[in-house]
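*Asks:* Structure below; questions to follow.
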Amino acid sequence: MKAFTVARCTFYLREPGQRGGFQYTNLNQQFPPGEGLPTTMPPQIGDLVGVGTELFRVVNREWSYPAPGSMYWPSGQGPSGPTNLTLMVERAEGMFIDEEAAT
């Protein structure tokens with residue numbers, strides 16, 4: 001059974017900037033522009049996600065759908081591909097943080 005791709009995920013790293021705002025870095029450099037990581041189970045806010053060798057926590061997400069009548073959703077047909085999902089992430093240490101030794 002072939003898995004259906006639900007979304008193509010694009011990851012942006014959010015880090016504190018120098019003047020009180022944030023800086024955003026696109027982590028999808030290995031994909032062509034406009035493409036993202038195809039997935040059957042998009043991460044939810046709060047999920048930990050490994051991208052390459054680093055671990056991140058999803059802090060926000062935004063779905064983007066093709067417009068009916070566009071190249072990706074021809075008139076009289078359904079969408080021709082998966083939706084795009086932009087995921088805002090921050091660096092994470094993992095699930096087991098600040099663990100104390102058992103007594």
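Quick note: the coordinates plus some simple rules give every number you see, no bench work behind them. Predicted model, so just to flag it, every value in this text is computed and none were measured. Because the Cβ atoms are built from the backbone with ideal geometry, glycine has one as well, and the counts that use them run over all protein chains shown.
*Asks:* Taking Cα pairs under 8 Å and at least six residues apart, what relative contact order does the stretch 10-91 come out at, in percent?
*Replies:* The value is 32 percent.
*Asks:* Taking the DSSP beta bridges in the chain as the whole, what percent of them are antiparallel, to the nearest 5?
*Replies:* Within the chain, antiparallel bridges account for around 75 percent of the total.
*Asks:* Longest segment of the chain with no trypsin sites (Lys or Arg not before Pro) in a DSSP loop having at most 14 other Cβ atoms within 10 Å?
*Replies:* 20-103
*Asks:* For W73, which sequence-distant residues (separation of 5 or more, or a different chain) have an amide H within less than 5 Å of its own amide H, given hydrogens modelled in the peptide plane?
*Replies:* S80
*Asks:* Related question: Could you derive backbone 3J(HN,Hα) for the stretch 37-53 from the dihedral phi with the Karplus parameters 6.51, -1.76 and 1.60 (θ = phi - 60°), listing whole Hz in sequence and x where the residue is Gly or Pro?
*Replies:* 6, x, 8, 9, 9, x, x, 9, 4, x, 5, 8, 10, x, 10, x, 9
*Asks:* So, one more: Would you tally the net charge around E93, using a Cβ to Cβ cut-off of less than 14 Å, leaving E93 out, and scoring K and R as +1, D and E as -1?
*Replies:* -2
*Asks:* Who wins for biggest fluctuation among T25, T39, T53 in a Gaussian network model of the chain, springs between alpha carbons below 10 Å?
*Replies:* Per the Cα network of the chain with a 10 Å cutoff, T53 tops the list.
*Asks:* Once the cut-off is 21 Å, how many percent of the Cα-Cα pairs in the stretch 10-91 end up in the long-distance tail?
*Replies:* For the stretch 10-91, the fraction of Cα-Cα distances above 21 Å is 38 percent.
*Asks:* Could you check the simple spin-label distance between W63 and E99, using points 7 Å along Cα→Cβ, in nm with one decimal?
*Replies:* 3.6
*Asks:* Skipping prolines and chain starts, which residues have an amide H placed within reach, meaning under 5 Å, of the one on L27, given they are 5 or more residues away or on another chain?
*Replies:* F11, Y12, L13
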